[in-house]
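Data first, discussion second: the structure below is written as structure tokens.
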Amino acid sequence: MSVEEFSHILEQVRPYANYIYLHVKGEPLLHPQLRDILVCCKNAGMTVNLTTNGTLLKDKLDILLNTPPHQINISLHSADDNDCIDMDSYIQQLFYSCEKLLTDTDTEISLRLWNTKEEPLLFGERNCVIKRHLYVNVQSPFEWPSLDNDYCNERGFCQGLRQHLAILSDGTVVPCCLDGNGVMALGNILKTPLKDILESPRSQAFMAGFRKKQAVEPLCRHCSFKERFSHKL
């Protein structure tokens, strides 16, 4: 996504949200114009949360120190699936970068361990405070939704389009960040105003379904993440 396209998207989302999250199945620190994107967010008055696997954190530290996000989520559990990194170097550089950010900025850092097979607790808590602005967040693993998943449940609830939506790198708008492949494409924000996309029949049917605790989209039926909201119903 170019900076120009990103700036256009910011104009579209500003009436709806104060927060923007840089992620969706990609590594935001890989973007060659990360500095410009963070500056655009700052100029637009948007609060930035960023999710990363942390492998490039030290390389991009100068950018993050000069234009600090509100929060950085670091998916430590992703190291389990990455056999091409040296774990000792990874942890050493990660902790160095975190300490630098915590010392020089007000950025909050959440170290994610979303691989707890049993009850997802650490010292009896799901979100442990290590010190000011540093947390460890534990969750059980989840399976990315797919139409081929064995899991299927039409009942459930999700905050998609109510509290969040996702915009892919080509401008495709989807209801949530778990649809990184654009299966539930609602429109393209680079071609259609976001207001019209949200008022489209498909978007309205999506929200109306979850108001009735019903997943109307096939991908949502195959998404086990919605079970995390069940205890709140």
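For ASP62, the solvent-accessible surface computed with a 1.4 Å probe is close to 110 Å², ligands and nucleic acids excluded.
Among residues other than LYS195 whose Cβ falls under 13 Å from its Cβ, what is the net charge (Lys/Arg +1, Asp/Glu -1)? Neighbourhood net charge equals -2. Count Lys and Arg as plus one, Asp and Glu as minus one, and take only other residues whose Cβ is under 13 Å from that of SER89; the net charge is then -2. Pairs from the list LYS25/LYS100; LYS60/LYS226; LYS25/LYS60 with a Cα-Cα gap above 24 Å: LYS25/LYS100; LYS60/LYS226. Under a Gaussian network description of the chain, with springs only between Cα atoms under 10 Å, the residue in GLU27, GLU11, GLU108 that fluctuates furthest is GLU11. Within the shell of other residues whose beta carbon sits under 9 angstrom from the beta carbon of MET184, the net charge comes to -1, with Lys and Arg scored +1 and Asp and Glu -1.
The packing ranking, built from the mean of other Cβ atoms within 10 Å per residue, places the peptides 211-223, 32-44 in the order 211-223, 32-44, highest first.
Under 5 Å between amide hydrogens, built in the peptide plane, is the criterion, and for LEU22 it picks out ASN49, LEU50, THR51 among residues at least 5 positions away or on other chains. With the whole protein complex present, VAL173 retains an accessible surface near 0 Å², based on a 1.4 Å probe. Taking ILE109, ILE63, ILE85 as the candidate residues, the one with maximal mean-square fluctuation in a Gaussian network model of the chain, Cα springs under 10 Å, is ILE85.
The values are calculated or read from the model by the stated rules, or taken from the named source; none is laboratory data. On a predicted model such as this, the values are computed, not experimentally measured, just so you know. Every residue, glycine among them, receives a Cβ derived from its backbone with ideal geometry; neighbour counts consider all protein chains shown. Remember, those area values only see protein heavy atoms, side chains included, never the ligands or the DNA or RNA. Shrake-Rupley method; radii C 1.70, N 1.55, O 1.52, S 1.80 Å.
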